[in-house]
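**Student:** Mind looking over this structure? Questions follow.
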Amino acid sequence: MIIEFLTELGFKKYDLALLIFCPAGAVIGSLAQSILVTINPNTPPKNPTKTYRAPSHLAEARSAWLTLRLMLGAILGLVIALYFVGALQENLTTLAKIVALSILLGYSAPKIWVTQERVLINRVSELVNQELRKHEKIEP
């Protein structure tokens, strides 16, 4: 039903593929980054007496963190897909490169969101300051 609706809007098969594969790729990238955050990728576990089980309340918090982390990746993947809708040369190579990009960006999703937030806050602050300066010049 959704596919028919998107097709009526003018989405082509490669656009639909982007809408499916980019969020999935970004989730895979997010999962890879989450794994690296969780484990020490430089060395395998060496101490046989050390256990890595978390208490249940901590395990629940980690599950929520992981779920939210993967959702951030999926949202970023959707943004990437929408950015390229209609601008794609319809061949498998182009689609594969964009999906690969979504995996890499999904890996970097938290840093991208934080950076984008800083840019947005700085821009809004700059605009507010400009308006305040204009207002100060008008009133004596």
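The values are calculated or read from the model by the stated rules, or taken from the named source; none is laboratory data. Bear in mind that the values here come from a model prediction, so they are computed numbers and not experimental data. All Cβ positions, glycine included, derive from the backbone under ideal geometry; neighbour counts span all protein chains shown.
**Student:** If Ile20 meets every condition in (1) at pLDDT below 85; (2) out of contact with any Phe, Trp or Tyr (no Cβ under 8 Å at 6 or more places or on another chain) apart from one, which number is that one?
**Tutor:** (1)
**Student:** What's the number of the condition Glu8 fails, among (1) touching a residue at least 24 places away in the same chain (Cβ under 8 Å); (2) part of a helix (DSSP H, G or I)?
**Tutor:** All conditions pass for Glu8, except number (1).
**Student:** Can you pull out every residue in region 25-66 that is without any contact (Cβ under 8 Å) to a residue 40 or more places away in the chain, surrounded by 10 or more Cβ atoms within 10 Å (Cβ to Cβ) and among the hydroxyl-bearing types (Ser, Thr, Tyr)?
**Tutor:** If the condition is that a residue be without any contact (Cβ under 8 Å) to a residue 40 or more places away in the chain, surrounded by 10 or more Cβ atoms within 10 Å (Cβ to Cβ) and among the hydroxyl-bearing types (Ser, Thr, Tyr), then Ser34, Thr38, Ser63 are the ones that fit.
**Student:** Specify the residue that is farthest from Tyr107 (Cα to Cα); the eligible residues are those in region 38-63 that are of a type in the set (S, T, N, Q) and assigned to a helix (DSSP H, G or I). Don't jump to the end; show me each part of the working.
**Tutor:** First pass over region 38-63, keeping only residues of a type in the set (S, T, N, Q): 38, 40, 42-43, 47, 49, 51, 56, 63.
Pick out the ones that are also assigned to a helix (DSSP H, G or I) and you get 38, 56, 63.
On the way: Thr38: 14, Ser56: 27, Ser63: 18 Å.
Only one residue fits best here, namely Ser56.
**Student:** Counting only residues that are part of a loop (DSSP other than H, G, I, E, B) and hydrophobic (A, V, I, L, M, F, W, C), which one in region 67-103 is surrounded by the fewest Cβ atoms within 10 Å (Cβ to Cβ)?
**Tutor:** Step one: filter region 67-103 for residues part of a loop (DSSP other than H, G, I, E, B), giving 85-91.
Now restrict to residues that are hydrophobic (A, V, I, L, M, F, W, C): 85, 87-88.
On the way: Val85: 17, Ala87: 10, Leu88: 16.
For region 67-103, the residue satisfying everything is Ala87.
**Student:** Also: Which pairs turn up if I take residues in region 112-140 that are of a type outside the set (Lys, Arg) and look for partners that are assigned to a helix (DSSP H, G or I) and at pLDDT 85 or above with beta carbon separation below 8 Å, at least 6 apart in sequence or on another chain?
**Tutor:** Ile112/Leu76; Ile112/Leu105; Trp113/Leu72; Trp113/Leu76
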